[in-house]
Structure formats: C-alpha cells, structure tokens
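Throughout, read-outs are computed from the coordinates displayed, never taken from laboratory work. In this text the structure is predicted, and so the values were computed from the model without any measurement. In this analysis, Cβ positions are derived from the backbone assuming ideal geometry, glycine residues included, and neighbour counts consider all displayed protein chains.
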Amino acid sequence: MANFLKLATILSLMIPSLVQALHSQMAFSSSELEDDEEYVLDSPNPSFRSRSRFLASIIKKGAHCDPIKHNICNGISANKGTSILHCCKTHCRNVLGDKNNCGKCGSKCKLGMHCCNGTCINTTFNANNCGKCGKKCKYGVKCEYGYCGYA
C-alpha cells in the first residue's frame, strides 16, 4: 500500500508537467513551422539591392546576412510593426517572435516558453497570452495549461 501511495504522489506531480510539455509542442502556430515565411518590410531597405521595388520590400525568413558586409536586416521593421529583423550570426531573425533570439540575438527562451513581443513568456498560465502570444482569456477566466477555463 505504501508503494502505491508513493507512485500516486509521483504521478500527480508529473502529470501537470507532461501536459504542459505536450501542449507547448502542439501550440505552435503554422507560421512558426513554415520555413518559407516572408517578412514584408514596412519601408524599403536602402542597403538591399534588387531589380524590383517589390522584391526589395521582402526578406525571407532566415535570409543570409553578414553583420559587417551585407547587413540587410539590422533593426528593420516588418509585417506592419509585428516583426523587427536583426542579423543574428549570419541569418535574419525576428527578435519579437523567435524563441532562440527573443528581444536580442542569442537570447533563448526556456523550455515551454514563447517569445511574445521580444519577451520570453510562459503561456501555460498567462491570461494575456494563453497557449500562444496575444490570446487573451475573458475577464475572470483563468488560463490553465494553455487553455482559457481549462477545468
């Protein structure tokens, strides 16, 4: 009987962590999973040369850059202000939404956290960012395990 109680206690402590880990894996939006994502610049980049004005206003996610010689994405605003691009190592990254470059290059969010507007946030129990960035629960409804009103 004592072994059963120990097992039940251990399982009750582990289940919330497992639910959180599984939910954080399932909560990716399609934009986080797509490699073909493009950033539409809010204003044309003068350091980026292209044959077309339209092509000069688009940078693909992960485009190659060099912080010294060919910096096409240093502090550039894109997607109507929802993205800010920086050259992190040798690739353009959105520091407002990239888990590995959250707020600045090289600043990684911990496991289970999302990068929301340049800040690492645990979206599991945050009523203003429940399950994903920007998803608000109704007034008085708690965010539990990434769902508004889970229980």
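Between D42 and N122, the distance separating the two model label sites (each 7 Å from Cα on the Cα→Cβ line) works out to 3.2 nm. Counting only residues at least eight positions apart within a chain, or on another chain, the lysines with an alpha carbon under 24 Å from that of K142 are K110, K132.
Under the combined filter of DSSP loop state and at most 13 neighbouring Cβ atoms within 10 Å, the stretch 64-148 retains these trypsin sites (Lys or Arg not before Pro): K69, K80, K89, K104, K108, K110, K136, K138, K142. Dipole check for the stretch 51-151: with +1 at the C-beta of Lys and Arg, -1 at the C-beta of Asp and Glu, and the Cα centre as origin, the magnitude is about 200 Debye.
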